[in-house]
Amino acid sequence: MVKILVKYIKAGKHEQRLETEDEAIDSLARSISRIGLLVPLHVTENAGQYEIVCGHRRLKALRKAGIETADCIIVDTDKAKEGEITFAENFFRKDLSPVELACSMKDCLDNEAMTVEELASGFHKSEHWVRSMVAIADWPADVQMAIHNERLSVSAANNLACVTDDDYRAFLLRNAIEQGATARTTASWLQAWRAMQPASEAITSEPVAGPGSVQPAIPQAPCLCCGDMFPVDRMSHVPMCGDCIKVIRQIPVSSVQQ
């Protein structure tokens, strides 16, 4: 174990958390200030440069506490060993949200730190599960934030992520959060939205991913004005320009119902 100046340690390529401010980092910084760094950092060395492999949160806390040196263990740069340490550090430290986990897994794949097979083995899951999780990293930002903030389940959000109309997706997302929509409900919304697409687009759309969402015989969708759910065959399709639709969608549902 050696002491290394904190300013010479790079965070590396595996820093994945979405939030730059973390109360846990503040608490850890105070703890390190009082009793010191109990668990050393693991770093690799290359021509006098150090890159952290394990201990990203501890490095953040050291910097926040203004501590200049840290106890470190220099590990072999062998790819297999680094991948094993990286896996443990990224996925079994503080609980990650599904979106953070997806971003971490995607980063591992993009940087060739691990393969799909290795991730599946590490999580004791199937390769299909890994690919499904990684796909979340490319979902629309508004859907990701709803999941990250625990306002919508992954299964319910999965259907809304397929809606490519940004304004309509925002409208559906707001309703989903307010109503606590399930995957079954958002699947019907997705089906209704696809039913309103030109046939040439609808027939080329990918099927809804996931474990067999039950679809109603007649799809339902929220009313543009009151927000209540209706079968699509009971709803009229009034030609409106995009600007007027945006104005109507911004009107609070409560004011319409009054």
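Readers should treat all values here as calculations from the given coordinates under stated rules, not as data from a laboratory. Because the structure is a prediction, the values reported are computed rather than measured. Ideal geometry is used to build each Cβ from the backbone, glycine not excepted, and the neighbour counts take in all protein chains shown.
With 24 Å as the limit, the listed pairs Lys106/Lys246; Lys64/Lys106; Lys60/Lys106 have Lys106/Lys246; Lys64/Lys106 beyond it between alpha carbons.
May I ask you to derive the FRET efficiency for Cys223 and Thr164 from their Cβ-Cβ distance with R0 = 35 Å, giving the value to the nearest 0.05? Walk me through the numbers on the way to the answer.
Numbers: r = 22 Å, r/R0 = 0.62.
After rounding, the FRET efficiency stands at 0.95.
Distance between the modelled labels on Asn46 and Thr115, one decimal in nanometres: 2.2 nm (7 Å Cα→Cβ projection). Once the Cα-Cα distance is subtracted from the 0.36 nm per residue extended length, the Ala141 to Lys64 segment shows a gain of 24.8 nm.
Each of Lys106, Lys246 was scored by other Cβ atoms within 10 Å of its Cβ. Listed from fewest to most, they are Lys246, Lys106. Here the residues Trp189, Trp129, Trp139, ranked from fewest to most Cβ neighbours within 10 Å of their Cβ, fall in the order Trp129, Trp139, Trp189.
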